[in-house]
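Report on the following structure.
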Amino acid sequence: MKTSSELQSKLRSIDHRGYPAYKELRGEYEFGGYVLSIDHVQGDPFAAPSRVSVHVPMVKAGFPKEYFSEKHKRITFQDHLTRLFARQIKGGSFQAKGSGKSGLLAVSRCGQEVLERTACRADEKQIIVRFEVGFPANGRSVNAGELEKILFGILPDCVRKSLYYANIDRKALAGAVALCEDQQYIREHLSERGLCAFIADGSVLPRQSGVSDKPLAGAVPFASPESLRVTFSLPNRGAVSGMGIREGVTLFVGGGYHGKSTVLQAIQDGVYNHIGGDGRELVITQESAVKLRAEDGRSIANVDITPFIRHLPNKKDTAHFYTEDASGSTSQAAGLMEAVESGSLLLLMDEDTSATNFMIRDRLMQEVVKSEEEPITPFIERVNGLYDQKGVSTILVAGSSGSYFHVADTVIQMKEYVPLDITAQAKAAAEQFSVFGTARTAFPAYDGKRCPKPDRQLLSEERLKIKTFGKDEVSLAKNTVVLRGVEQLKDEEQTRALGYALKVLEERQFNGVRTIAQAVDALEAELEREGPEALLGRGGVLVSLARPRRQELFACINRYRGLVF
Ligand code: ADP
Ligand code: MG
């Protein structure tokens, strides 16, 4: 290992030279309390910034073992360190001057969710923090003095203040880890209590705006109806009460603007842990939950949608359904079958974003257009069978159709943001209204075996470029996967990880014999062992990734237009 003074003299020796001379700095340097590693050097001052990491031996960092001995705590610990480090380097960014991205200092930006990221990895050996540095330039030549300022002036201070236990706010860290223990406790105990989601009393569900995930100030805090109230004895906070949403079929109704979609959004985001102060930190959802919506225009490859759609007028095979341009109903049917294939045990749907003909067929329409002439079996006829046969629960928002009263196990009315349990009234009212086709029927058998072959065209690319466009799109070579309808994707780093995952799956897993589930199992085993770093391969340029859920891995595979069977 080279020393920091070797780096210093090397740096001084390349001053004023052409920018590529910076490449000579690649390598690891001992800085006393930590190792600085220059992993990748940018090609010019305007290119993506250089990738640098610091490695602090745990014996020196001094954090208690309990913070990284269990996975869920480790992820929260890593998230917390990333946020602390981000706060430190923010002040140091662009202190060093020059052209292009000179002086930039940046690490992954953590939002309201706690995600596992390549930005930070902590174990009993060490803490690694990976970040970006814009190596300073004068025009297009090396400005060694300014980089020296960053690496020897600014950075050591940032490392010292954020990655050493002795120097950080220990109470804040302990609080973050304690919260995650409580969150984990609820998530692990949902199923034994027969619940698929929990919303603690006092939670703040609405967000500031469509573009800010921060809590809305002055919101009406959540309060469970008495009949649905459950209490968890959490390891840290003790007894916490709130609304338990039972397995089976739960319906949210209520007038427009009374907070129905807001509750559903909080539930769909409850698959993630949120940071303290978010308002939704004790909104906890069964981890495999999938929000389904109509996604006109998406591609579908080889999905058996016969439980919902058969006998199309154009004789198209719906047991092996393919389309490059799905309709609302076919997209939602395929999305549902794919979610079940991914192992999801909870489906979430909002009337606002669903295809009406997928959800219901009203009585008058059933009388006029005979069932034999209608290719679609609406979801309302399948929702009970889905739970009975597959154990898949549904939480549904429906403001305008009472038909679901017949099939719902629980009906909750949102009234001025307050949930009321109206199951009994709703059921009594429904008795007076007979509807066709809501007899409890079994979910039909279907062909769920899907074994993709490798996409030769993709694999023939010499240098496969993976690019994200916000969190909604990722492209591999010329192939763009549109993920706009995948609402539980929360971070662009997850989207990028999906692009890399798809590449790994194509290269190593898809072989025409393995099912998608088996391929994803194999990939997830690697992710479990190595973290999202597993997606980058050895010697790959480090990019910032966050681990996506299994359900989003499936969603990305299924929306990839190069998926071949
Ligand atoms: P719905 O789906 O019933 O039409 P929304 O969930 O879209 O209603 O909510 C309507 C508006 O009310 C949104 O602007 C939302 O931010 C706000 N809102 C939702 N819940 C609350 C709450 N608990 N307190 C204050 N405002 C809320
Ligand atoms: Mg709504």
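A few remarks follow.
- Solvent-accessible surface of the chain, taken per residue with a 1.4 Å probe and all protein chains present: 42 Å².
- Taking Cα atoms only, the orientation of helix 328-341 departs from the longest principal axis of the chain by about 70 degrees.
- The alpha-carbon atoms of the stretch 456-558 define a convex hull whose volume equals 96 cubic angstrom per residue.
- Portion, in percent, of the accessible area of the chain that falls on carbon or sulfur, probe 1.4 Å: 50 percent
- Area projected by the alpha carbon convex hull of the chain, averaged over all directions, nm²: 27.3 nm²
- The gain in end-to-end length when the K415 to D123 segment is fully stretched comes to 100.3 nm, 0.36 nm per residue minus the alpha carbon separation.
- Fraction of beta bridges assigned by DSSP in the stretch 184-448 that are antiparallel (%, nearest 5): 60 percent
- Diffusion of the stretch 292-391 by Stokes-Einstein, at 10 °C in a medium of 1.306 mPa s and with Rh set to the Kirkwood radius over alpha-carbon pairs, works out to 114 µm²/s.
- For S371 and S191, the difference between the fully extended length at 0.36 nm per residue and the C-alpha to C-alpha distance is 61.1 nm.
- Listed residue pairs exceeding 29 Å between alpha carbons, taken from K2/K97; K73/K471; K97/K214: K97/K214
- For the stretch 372-377, putting each phi into the Karplus relation 6.51 cos²θ - 1.76 cosθ + 1.60 with θ = phi - 60° gives couplings of 4, 8, 10, x, 9, 9 Hz, in residue order, rounded to whole numbers and with x for Gly and Pro.
- Phi to ³J(HN,Hα) by Karplus 6.51 cos²θ - 1.76 cosθ + 1.60 over the stretch 152-169, Hz, x for Gly, Pro: 10, x, 6, 4, x, 5, 4, 5, 4, 7, 10, 10, 10, 4, 5, 9, 9, 6
- The GluC sites (Glu not before Pro) of the stretch 318-414 meeting both criteria, a DSSP state outside H, G, I, E and B (loop) and at most 15 other C-beta atoms within 10 angstrom of the site's C-beta, are E324.
- Debye log10 I(q)/I(0) for the stretch 2-168, one point scatterer per Cα, at q = 0.09, 0.15, 0.20 Å⁻¹: -0.29, -0.78, -1.26
- Gained length - D201 relative to R229, 0.36 nm times residue gap less alpha-carbon distance: 9.2 nm
- In this structure, the residue pairs whose Cα-Cα separation is over 19 Å, taken from K260/K390; K291/K415; K90/K161, are K260/K390; K291/K415.
- Applying the Kirkwood pairwise sum to the alpha-carbon positions of the stretch 184-448 produces a hydrodynamic radius of 19.3 angstrom.
- Those lysines that a straight Cα-Cα span of less than 27 Å connects to K315, excepting residues fewer than 8 apart in one chain: K370, K449, K453
- Loop-resident sites, the stretch 113-184, for GluC sites (Glu not before Pro), counting at most 14 other Cβ within 10 Å (DSSP): E124
- Under 5 Å between amide hydrogens, built in the peptide plane, is the criterion, and for H40 it picks out R51 among residues at least 5 positions away or on other chains.
- The trypsin sites (Lys or Arg not before Pro) of the stretch 6-92 meeting both criteria, a DSSP state outside H, G, I, E and B (loop) and at most 15 other C-beta atoms within 10 angstrom of the site's C-beta, are R17, R26.
The values are calculated or read from the model by the stated rules, or taken from the named source; none is laboratory data. Here the structure is a predicted model, which means the values were calculated and not measured. Heads up, the Cβs are rebuilt from the backbone with ideal geometry, glycines too, and the neighbour counts pull from every protein chain shown. Please note that ligands, DNA and RNA were not included when accessible areas were found on the heavy atoms of the full protein model with its side chains. Shrake-Rupley method; radii C 1.70, N 1.55, O 1.52, S 1.80 Å.
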